[in-house]
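> One structure, as structure tokens, below. Some questions next.
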Amino acid sequence: MADIHPILKQYWGFDSFRPLQQEIIESVLNGNDTLALMPTGGGKSLCYQVPALAKEGMCLVISPLIALMKDQVENIRKKGITAFAIFSGMSRKEIVNTLKIAGNSNCKFLYVSPERLETALFKEYLPGMNINLIAVDEAHCISQWGYDFRPPYLRIAALREELPGIPVLALTASATPEVQQDVCDKLQWPPQTSTGEVLTNALKSGQSLFGFNIFHQSFERPNLSYSAFEADSKINKIIEILLKVPGSAIIYCKSRKRTKEISELLHLQNISADYYHAGLAQEDRNRKQEEWILNKTRVIVCTNAFGMGIDKPDVLIVIHADVPDCLENYYQEAGRAGRDGKKSYAVLLYDEKDLHELENLTAQRFPPLPEIRNVYQAVSNYLQIPSGSGQGESYDFDIADFIKKFKLNSHTVLFSLKALEQEGWLAFNEQVFIPSAVQFIAGKTELNEFEKIHPELDIVIKSLLRAYEGIFDQEVSISEWVLTGLMKKSTDEVKEQLKQLHRYGIILYRPQKDSPQLFLLRDRIKAEDLMINMTEFNRRKEKFRLRCKKLIYFTREKTECRSRMIASYFGDASLSRCGICDNCLRQKALVLSKEEFENINHRIINSVKDGPLSAHELLLKLTGIKKEKAWKVIEFLQAENKIKMDKDGLVSVQ
């Protein structure tokens, strides 16, 4: 086996691996199918990048998140490693060009969105790519019992028929034992019918399931304190927390509107904050993210569109201003705090209205079939898709405009689209970003003549040639913002000059695409003919209801250790109490020494010996004593018949 430490040192500058990384990498290098469960920030990507670099050939990385793919490709290229990505929204020409370059170069990583796997175009180029590893990121998406099931992931198993003998590394930050089993079952090759019972506990690292070696890091985060507060005024509680605890912070909200509102309220308190959501322009998202990473902004108030792929270890506080819909999401988002090992805090704020809405969320998330059909019909009309066509086509899809024009409920639309996606009818991606691209199509002699005739465009031509290598040979992603710095012109002026060069036939210029994309997986049919598997639909509905119930329990529970509740949910029942969550601290506060007990006992008896007192009056007399400890002694004295409490709540000596 190749020595992997020089690769780690050369490209990442580290002398040693994090826990479990080396074991996972060695399992892959030994040709084993492997499932790795590692928390957010645990270094999952390195587990496929190192073995891919240690072997001849290319690693095929399957990921559902376009923004994350883009970030990964950029980060790998910065290390001098060749990488490309193919995803929804790219034209056929762009895909062919990328596949050709990847197959004919020293490309080490090709990132592909799952719906691209079974297209004829992809299959045509696959045999010439010398794939050495299939890495499946966000592997829980393959299980329909998981919280984020995506049917295109089911195609990965069929891909293995095209790539016999190539190992699979499935990676996820969170999967219950049932989902772990389902992932391994769905990815095993050759496919078999599972007859095994569902796991009730996670397997120990190194054990095998359906031919997969299983590795999972402990769910213990000894430096992360979880807490849940019922708050009448969430903004006041947020301000109180941020004033008490200094340092970088994330605040998660459910709605885009709320991110802006909270950010502005924090500004009024002189707390440096900004907001982030998928509806912002890509340039704004990049700027806001960068300023937060560089600590120019202290607090980022965001939807769950924020955080994937961001490596910022010094986050001290993650606050959930709204209750998420499952422990998987909560664990991943809260886990973005304290990656540097320093004491950090994950705070969940709630009120009874939040929990009541969560109890009723299941019906909203799983709309009835007539509503789903109605949304399907409206989408087909909005995109003007003729009956019997559309399969394999990608469309810009302005969901806000669609909802407005068809006067539909936004939740009904979103969850009907999700149902259609899970039934394999379409794929909807709200966070598509395809950067601007340029390629010179004029020859160098023609270009020289053109510059003499159009000196006003000389600076943009020179800036392109100076900033982007290979721009004569292939289409290259560019940034108009970078060109504004080189040319000392506004972004609008730069874009207009690029359009002029395009019109003159000097370059091919494709402006960036920053709109949501809807990708049709089947031809359009009549809405009344649209069918979904109601048995599986209802099973997913029940699983969702149980996930909501677990999160409600986690939120309300006041005694059980929160770290243990999370670990137990994911199948690890061995975790000890963390000692630092709100519940553990509350239990510690209730521990009475003999001296404390005798002191409180004496003061209670003395307080009521001259006459009955209400419980409220008694507690007021016990100054300097925690209310919880006082009640503990009161209950003991009642049980021992030394004091009594009547039906009116008056306490007296027995």
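> Restricting attention to the range 328-347, does a residue exist that is over 30 Å from Asn286 (Cβ atoms) and surrounded by fewer than 19 Cβ atoms within 10 Å (Cβ to Cβ)? Outline the logic, then answer.
To start, the set of residues in the range 328-347 that are over 30 Å from Asn286 (Cβ atoms) comprises 343.
After this cut, where a residue has to be surrounded by fewer than 19 Cβ atoms within 10 Å (Cβ to Cβ) as well, the list is 343.
Within the range 328-347, one or more residues are over 30 Å from Asn286 (Cβ atoms) and surrounded by fewer than 19 Cβ atoms within 10 Å (Cβ to Cβ).
> Pick from the range 408-460 the residues that are among the aliphatic types (A, V, I, L, M) and in a loop (DSSP other than H, G, I, E, B): which of them is nearest to Phe519 (Cα to Cα)?
In the first step, residues of the range 408-460 are kept if they are among the aliphatic types (A, V, I, L, M); the result is 408, 413-414, 417, 419-420, 426-427, 432, 434, 437-438, 441-442, 447, 453, 457, 459-460.
From the residues that got through so far, the ones that are in a loop (DSSP other than H, G, I, E, B) too are 408, 432, 441-442.
On the way: Leu408: 21, Val432: 12, Ile441: 30, Ala442: 34 Å.
Per the stated criteria, the residue is Val432.
> While we're here: State which residue is surrounded by the most Cβ atoms within 10 Å (Cβ to Cβ) when the search covers only the range 44-74 and only residues that are more than 22 Å from Tyr153 (Cα to Cα) and under 25 Å from the mean Cα position of the chain (by Cα).
Of the residues in the range 44-74, the ones more than 22 Å from Tyr153 (Cα to Cα) are 50-51, 53-57, 74.
Add one more test, that the residue is under 25 Å from the mean Cα position of the chain (by Cα), and what stays is 50-51, 74.
On the way: Val50: 23, Pro51: 27, Glu74: 12.
Among those that are more than 22 Å from Tyr153 (Cα to Cα) and under 25 Å from the mean Cα position of the chain (by Cα), it is Pro51.
> Okay, moving on. Take the range 130-143 and flag every residue that is assigned to a loop (DSSP other than H, G, I, E, B), of a type in the set (S, T, N, Q) and surrounded by fewer than 24 Cβ atoms within 10 Å (Cβ to Cβ). Give the derivation first.
The first filter runs over the range 130-143 and keeps only residues assigned to a loop (DSSP other than H, G, I, E, B), leaving 130, 137-138, 143.
Remaining after also requiring of a type in the set (S, T, N, Q): 130, 143.
Asn130 - this is the single residue of the range 130-143 that is assigned to a loop (DSSP other than H, G, I, E, B), of a type in the set (S, T, N, Q) and surrounded by fewer than 24 Cβ atoms within 10 Å (Cβ to Cβ).
> Continuing with the same structure: Just one of Gly146, Gly165 is in the same structural domain as Ile62 (by TED's automatic domain parsing), within 22 Å of Asn329 (Cβ to Cβ) and assigned to a loop (DSSP other than H, G, I, E, B); which is it?
Values: Gly165 fails: within 22 Å of Asn329 (Cβ to Cβ).
Exactly one residue qualifies, and that residue is Gly146.
> Do we find that Pro64 is of a type outside the set (Phe, Trp, Tyr), closer than 30 Å to Val315 by Cα, out of contact with any helix residue (DSSP H, G or I) (no Cβ under 9 Å at 6 or more places or on another chain) and touching a residue at least 12 places away in the same chain (Cβ under 8 Å) in this structure? Outline the logic, then answer.
Working: of a type outside the set (Phe, Trp, Tyr): yes; closer than 30 Å to Val315 by Cα: yes; out of contact with any helix residue (DSSP H, G or I) (no Cβ under 9 Å at 6 or more places or on another chain): no; touching a residue at least 12 places away in the same chain (Cβ under 8 Å): yes.
No.
> Looking at the range 461-489, which of its residues are assigned to a helix (DSSP H, G or I) and more than 24 Å from Lys93 (Cβ to Cβ)? Let's see the steps before the verdict.
So the first thing to find is which residues in the range 461-489 are assigned to a helix (DSSP H, G or I), and the list is 461-467, 480-487.
If the condition is that a residue be assigned to a helix (DSSP H, G or I) and more than 24 Å from Lys93 (Cβ to Cβ), then Lys462, Ser463, Arg466, Trp481, Val482, Thr484, Gly485, Leu486, Met487 are the ones that fit.
> Right, another one. Conditions first: (1) within 19 Å of the chain's Cα centre (by Cα); (2) of a type outside the set (Lys, Arg); (3) closer than 24 Å to Leu65 by Cβ. Leu348 passes all but one, so which condition is the exception?
Unmet for Leu348, out of (1) within 19 Å of the chain's Cα centre (by Cα); (2) of a type outside the set (Lys, Arg); (3) closer than 24 Å to Leu65 by Cβ: (3).
> Then there is this: Can you name every residue in the range 375-388 that is in a loop (DSSP other than H, G, I, E, B) and farther than 15 Å from Leu530 by Cα?
Answer for the range 375-388, where residues must be in a loop (DSSP other than H, G, I, E, B) and farther than 15 Å from Leu530 by Cα: Leu383, Gln384, Ile385, Pro386.
> Moving on to the next point. Since Val379 meets every condition but one in (1) at pLDDT below 90; (2) buried (at least 17 other Cβ atoms within 10 Å of the Cβ), which condition does it not meet?
(1)
> Could you figure out which of (1) assigned to a loop (DSSP other than H, G, I, E, B); (2) at pLDDT 90 or above; (3) under 30 Å from Leu426 (Cβ atoms) isn't true of Ser16?
All conditions pass for Ser16, except number (3).
> Given (1) buried (at least 19 other Cβ atoms within 10 Å of the Cβ); (2) in contact with a strand residue (DSSP E or B) (Cβ under 7 Å, 6 or more places away or on another chain), identify the lone condition not met by Gly146.
In the conditions (1) buried (at least 19 other Cβ atoms within 10 Å of the Cβ); (2) in contact with a strand residue (DSSP E or B) (Cβ under 7 Å, 6 or more places away or on another chain), Gly146 misses (2) alone.
> Further, regarding this structure: Take the residues in the range 345-371 that are touching a Ser or Thr at 6+ places or on another chain (Cβ under 7 Å) and not aliphatic (A, V, I, L, M), then tell me which one is farthest from Val299 (Cα to Cα).
Top of the filtered list is Glu371.
> On to the next question. Where the second residue is among the aromatic types (Phe, Trp, Tyr) and in a strand (DSSP E or B) and the first is closer than 18 Å to Glu264 by Cβ and assigned by TED's automatic domain parsing to the domain that holds Tyr330 and lies in the range 283-310, which pairs have Cβ atoms under 6 Å and are six or more apart or on separate chains?
Correct list of pairs: Lys288/Tyr276; Ile300/Tyr276; Val301/Tyr275; Cys302/Tyr276; Phe306/Tyr276.
> Can you tell me how many residues in the range 249-275 are of a type in the set (Ser, Thr, Tyr) and touching a Lys or Arg at 6+ places or on another chain (Cβ under 6 Å)?
Here is the first cut: in the range 249-275, the ones of a type in the set (Ser, Thr, Tyr) are 252, 255, 259, 263, 272, 275.
Now restrict to residues that are touching a Lys or Arg at 6+ places or on another chain (Cβ under 6 Å): 272, 275.
The total comes to 2.
> Failed condition for Leu169, given (1) within 26 Å of the chain's Cα centre (by Cα); (2) modelled with pLDDT under 90, with all others met?
(2)
> Let me ask another. Which one is modelled with the lowest pLDDT, of the residues in the range 389-407 that are assigned to a strand (DSSP E or B) and crowded, with 18+ Cβ neighbours inside 10 Å?
Keep residues of the range 389-407 that are assigned to a strand (DSSP E or B), which gives 394-396.
Now restrict to residues that are crowded, with 18+ Cβ neighbours inside 10 Å: 394-395.
On the way: Ser394: 83, Tyr395: 87.
The qualifying residue modelled with the lowest pLDDT is Ser394.
> Based on this model, can you work out whether Ser563 counts as assigned to a helix (DSSP H, G or I) and of a type in the set (Gly, Ala, Ser)? Before the answer, list the steps.
Values: assigned to a helix (DSSP H, G or I): yes; of a type in the set (Gly, Ala, Ser): yes.
It is true that Ser563 is assigned to a helix (DSSP H, G or I) and of a type in the set (Gly, Ala, Ser).
> Pairs under 8 Å by beta carbon, first residue on the phi > 0 side of the Ramachandran plot in the range 10-37, partner of a type in the set (Gly, Ala, Ser) and exposed (fewer than 15 other Cβ atoms within 10 Å of the Cβ), six or more apart or different chains?
If the second residue must be of a type in the set (Gly, Ala, Ser) and exposed (fewer than 15 other Cβ atoms within 10 Å of the Cβ), the pairs left are Gly31/Gly165.
The values are calculated or read from the model by the stated rules, or taken from the named source; none is laboratory data. A quick note: this is a predicted structure, and the numbers were derived from the prediction, not measured. Note: ideal-geometry Cβ built from the backbone for every residue, glycine included; neighbour counts use all protein chains shown.
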